[in-house]
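Please treat every number below as a calculation from the coordinates, not as lab data. The shown structure was predicted, so the numbers you read here are calculated from the model rather than taken from an experiment. Glycine also receives a Cβ, built like all others from the backbone with ideal geometry; neighbour counts cover every protein chain displayed.
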Amino acid sequence: MKILGIETSCDETAASVVVNGSDIISNIVASQIDIHSRYGGIVPEIASRQHLLTIVPVVNRAMSEARVSWQDIDGIAVTFGPGLAGSLLVGVNMAKAIALAKQLPIIGVNHLEAHIYANWLASSSNGDGKVRKGVPPSTSPNLLSDKKGEGPLVTIPYLSMDVRFPCLCLIVSGGHSDLVLMRGHGQFEKLGRTRDDAAGEAFDKAARILNLGYPGGPAIERAAISGTSCLSLPRAWLKDSHDFSFSGLKTALWHLVQKERILTNASLVADAAASFQSAVVDVLVAKTIEAAKEFEVRQILLSGGVAANKSLTERLSNSSPLPVLVPPPHLCTDNAAMVAACGYYHFRNGQVDGYDLDVVPSLSLG
Ligand code: KG4
Ligand code: ZN
């Protein structure tokens, strides 16, 4: 079964064709990062206008690279929330137009659920203990690869990486830091969320404080490589809760930068980036493992843009007593393959939407 996925919730216009919820046969992502980086963050009005310009060529390219015709497609999965209203509308209306013209079913997909389903993409083992996903051992090559997910095969410490329920999902993106218990397909229970800044938002704000540019996550990660986490920054543990909080850490970084005149010295900036990254990772890792033990899950599934952070994936997989699944970096950040994968499981369950599907910018999960 082939599903065309469409994603326009934020600043990436994306389309992808995925077979049976796992095999990516095309995956096109048109990023607007260069445009928004001039403003130091996403400008919603510009984002929606840019989606309008790129959505048709992106969908056409996804179809031609997949070498399929509309008769081969079984359904159109599209993100309808959460996200920027004007951006979501472009994708949802594109999906409706195609569905109407080609008489195909529409499947509305929750963007957060789609992030989780990136863990189902190209998950099949080739029988020799090697799979095209998972956390590479620290010595293995980076999994960054072409958009189809056909990166180098790496040996990972688990014999089978098929998802097993119940699992604990940590979704860390620009707008969310959610801990969600998943008992089966479509069965979610939210255990924790951020009380203020999301993890990705905290990275973006910290990068702005350190003059490292946008998007902040990759910028902090790059800067941190040449630094050490020697500077003292707080961690909000929020005892007896599975919630997160990162705004105090961001404020503490700002004060530290002023007090120690960090911006006058590149090696201090690197130390500040490393110290900040380490503080975020400490909290995410410890609280995720704590919840995994409490709810006796079988696996931990990491997803969302911040899951592209190598320090986070390595620390979580090294500290966790349970298998940790992480999509390769290009499937952690926004893409439409994850939307198609998620849509496939809804479609298989008979969950389709009508032409009245509307955007829900504040949609949550569980
Ligand atoms: O999932 P995503 O692509 O979009 C949303 O749904 O929000 O996540 C984007 C977020 C941004 O805040 C970005 O700074 C962060 O993910 N991010 C990272 C890394 N790559 C992207 N954060 C830390 N380390 C990274 N390597
Ligand atoms: Zn996202």
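Here are some notes:
- Residue within segment 61-75 that is touching a Pro at 6+ places or on another chain (Cβ under 7 Å) and over 30 Å from Gly192 (Cα atoms) present: yes
- Tabulated pairs, segment 332-351, first under 18 Å from Glu12 (Cα atoms) and of a type outside the set (Val, Ile, Thr), second away from ligand 1 (no atom under 14 Å from the Cβ) and assigned to a helix (DSSP H, G or I), C-beta under 6 angstrom, 6+ apart or interchain: Ala341/Trp120
- Filter result for the condition that a residue is in a helix (DSSP H, G or I) and not aromatic (Phe, Trp, Tyr), over Glu296, Glu314: Glu314
- Checked against (1) outside any helix (DSSP H, G or I); (2) at negative phi, Ile289 passes all but a single condition, namely (1).
- Selection count where residues are out of contact with any helix residue (DSSP H, G or I) (no Cβ under 6 Å at 6 or more places or on another chain), outside any helix (DSSP H, G or I) and in contact (Cβ under 8 Å) with a residue 24 or more places away in the chain, scope segment 221-255: 7
- Members of segment 317-338 found to be away from ligand 1 (no atom under 13 Å from the Cβ) and surrounded by fewer than 24 Cβ atoms within 10 Å (Cβ to Cβ), listed by number: Asn318, Ser319, Ser320, Pro321, Leu322, Pro323
- Within segment 208-220, considering residues that are within 11 Å of ligand 1 (Cβ to nearest atom) and free of Cβ contacts under 8 Å to residues at least 60 places away in the same chain, the one nearest to Ala270 (Cα to Cα): Ile220
- Residue tally, condition assigned to a strand (DSSP E or B) and away from ligand 2 (no atom under 16 Å from the Cβ), over segment 160-178: 2
- Applying the condition of being outside any helix (DSSP H, G or I) and among the β-branched types (Val, Ile, Thr) to segment 329-364 and asking which residue is nearest to Ala307 (Cα to Cα) yields Thr333.
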